[in-house]
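Q: My structure is below; once you've seen it, I'll send some questions.
Nothing in this text is a laboratory measurement; each read-out follows from the coordinates by a stated rule. As the structure is a prediction and not an experimental result, all values here were calculated from the model. Cβ atoms come from the backbone with ideal geometry, glycine included; neighbour counts cover every protein chain shown.
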Amino acid sequence: MGIDLNLEHLPVPPRRKDYRIGAIGAGFIMRDIHLVAYKNAGFNVVAIAARDLDQARATAALRVIPKVYDTWQELLADDRIEVLDIAVPPAAQSAIVHAALQHKHIRGILAQKPLSTNYYEAQEMVAACEQAGVKFCVNQNMRYDHSIRALKTVLRRGYLGEPVLATVDMRAIPHWMPWAKDYGKVTIAFMSIHHLDSFRYLFGDPEFVYASASQDPRLDFPHRDGIALYILEYANGMRAGAWDDVWTGPAREGGASDIYIKWRVEGTAGMAQGTIGWPGYPARVPSTIRFTTCQQPGYWFAPTWPQVWFPDAFEGTMGELLCSLEEGRESVLSGRDNLNTLALVEACYRSLDQHRPVRPAEIKEEHV
């Protein structure tokens, strides 16, 4: 049996690219990631608004956006806008989403993750969008990292057999946004959520999660989860786990650094391993995959590509929302699906508090 090395690392783009997009937020993730990706993809951003009007104007000038609104409320009222792209802190998203639903011309919304600071508020947003008939997606962009998409294809084709063990080993120092200091939560809510959602994307929902965490000695604000470790237990016996080490040793205090993100999946008929290129940003460092399979023993296959997670993967998240609009289908990034990711995040925090394995279903059952 031949091994097909076209691992479909790129999503199928929408046929229609001229949906009129309104952007809310003008910080790093919008200015240097979303808007760069959208320009490269040929998407049509027609207006922007942000809390800092000067920042919005500067971003509009840099990214050639024709209209700047003084407030996001004014942007929502622009009846040209069909799709909303939100890049604001999680505590600010709910008000924008609910206000957007009062404007019938808005057909789709792409929100940031975490969707909210709590499951109940997120559930209310999802229900309101469903009732209004608005496509509501969450920007879980690691699903569109090219090595993760390639791994999904390898799993789907059965090259690895049945998954047995999956791990992520992250030794990288994030750039924590100033607003993160307000939450008392850091790594699991804002960094591990990528890995938790990717585990769900690849393997489905776990039955239990057990988490342990310690503080990051580098951070100068109160937090409960600087360095986070967690294990996902699946009903079929599979295990997945991650070490999200955002300290990585004194790499910024005078010591040598060893920064990377690696992943590995072992199956009954093969094994795959790879790296995530994101820690190299702003340099363009593609993520990688190599895999071996019993279908062709003795070989390691290692296809490559030029694309990188930041910013290229963000063509996929907005593209998926646009595809779901033009095809009239539920999105794989839907808010409804993302409630399972948020429940998993909250289960990790409950596990920290209670020192026990927690079923993500517990979180959902409390909000029925």
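Q: With a 10 Å cut-off between alpha carbons and a GNM built on the chain, which of 142, 177, 30 moves the most?
A: It is 177.
Q: Let me ask you something else. Could you tell me whether region 128-196 comes out rounded, prolate or oblate from its Cα gyration tensor? Rule is a ≥ b ≥ c as square roots of the eigenvalues, rounded for a/c under 1.5, then prolate if a/b exceeds b/c, otherwise oblate. Numbers along the way, then the final one.
A: Numbers: a/c = 2.66, a/b = 1.24, b/c = 2.14.
Judged from the Cα gyration tensor, region 128-196 comes out oblate (a/c at least 1.5, b/c at or above a/b).
Q: Now for a separate question. Can you list which of the trypsin sites (Lys or Arg not before Pro) found in region 298-368 are DSSP loop residues with at most 13 other C-beta atoms within 10 Å?
A: 329
Q: Report, largest value first, the span of the C-alpha coordinates of region 227-368 along each principal axis, in whole Å.
A: Taking max minus min along each principal axis of the Cα atoms, region 227-368 gives 47, 47, 37 Å.
Q: Taking the Cα atoms only, what angle lies between the long axis of helix 314-327 and the longest principal axis of the chain, rounded to 10 degrees?
A: Taking Cα atoms only, the helix is inclined about 70 degrees.
Q: Can I ask one more? Explain nothing, just the number: relative contact order of the chain, from Cα pairs under 8 Å at least 6 residues apart, as a whole percent. Display every interim value, and only then the final one.
A: On the way: 751 pairs, mean separation 74.2, N = 368.
It comes to 20 percent, rounded to a whole number.
Q: Report the rotationally averaged projected area of the chain based on its alpha-carbon convex hull, in square nanometres. Let's see the in-between values first.
A: On the way: hull surface 75.0 nm².
Directional mean of the projected Cα hull area for the chain stands at 18.7 nm².
Q: Shifting gears a bit: I need to check one value: relative contact order of region 295-368, counting alpha carbon pairs closer than 8 Å and at least 6 residues apart, in percent. All intermediate terms of the calculation are to be shown ahead of the outcome.
A: Numbers: 25 pairs, mean separation 13.1, N = 74.
Over region 295-368, the number comes to 18 percent.
Q: Next question. Hey, in the GNM for the chain with a 10 angstrom Cα cutoff, which one of 13, 282, 90 fluctuates hardest?
A: Comparing 13, 282, 90 in the GNM, the peak value goes to 282.
Q: With axes computed from alpha carbons, what is the tilt in degrees of helix 119-132 against the longest principal axis of the chain, rounded to the nearest 10 within 0 to 90?
A: Taking Cα atoms only, the helix is inclined about 60 degrees.
Q: Tell me, 105, 194, 355 in order of fewest to most beta-carbon neighbours within 10 Å? The partial results should precede the final answer.
A: Details: 105 13, 194 25, 355 9.
Final ranking by Cβ density, sparse to dense: 355, 105, 194.
Q: Counting other Cβ atoms within 10 Å, which trypsin sites (Lys or Arg not before Pro) in region 40-80 have at most 14 and lie in a DSSP loop? All intermediate terms of the calculation are to be shown ahead of the outcome.
A: Working: sites: 51, 57, 63, 67, 80; in loops: 51, 80.
Those satisfying the criteria are 80.
Q: Can you tell me the 0 to 90 degree angle between the C-alpha axis of helix 193-203 and the longest principal axis of the chain, rounded to 10?
A: Computed tilt is about 60 degrees.
Q: For region 20-141, what does the relative contact order come out to in percent, with C-alpha contacts under 8 Å and a separation of six or more?
A: Numbers: 205 pairs, mean separation 28.8, N = 122.
Reported relative contact order: 24 percent.
Q: What are the ³J(HN,Hα) values, in whole Hz, obtained from phi via the Karplus relation 6.51 cos²θ - 1.76 cosθ + 1.60 with θ = phi - 60°, for each residue of region 54-65 in sequence order, with x given for Gly and Pro?
A: 4, 5, 4, 5, 5, 5, 4, 5, 5, 9, 6, 9
Q: Please report, in cubic angstrom per residue, the volume enclosed by the convex hull of the alpha-carbon atoms of region 20-141. Can you show the working numbers first?
A: On the way: hull volume 11.0 nm³, N = 122.
Normalising the Cα hull of region 20-141 by residue number yields 90 Å³.
Q: GNM, the chain, Cα, under 10 Å: largest mean-square fluctuation among 52, 258, 312?
A: Among 52, 258, 312, the largest mean-square fluctuation in the Gaussian network model of the chain belongs to 258.
Q: Could you tally the net charge around residue 51, taking each other residue with its Cβ under 15 Å from the Cβ of residue 51, Lys/Arg +1 and Asp/Glu -1?
A: Details: positive: 31, 57; negative: 52, 54, 70, 74, 182.
Taking every other residue near residue 51 into account, the sum is -3.
Q: Then there is this: Calculate for the chain the 222 nm mean residue ellipticity that helices alone would give, adding -39,500 (n - 2.57) per DSSP H run of length 4 or more and normalising by residue count, nearest 500 deg cm²/dmol. Mind showing how you got there, number by number?
A: Details: 10 runs with 110 residues, N = 368.
Theoretical 222 nm ellipticity from helices: -9000 deg cm²/dmol.
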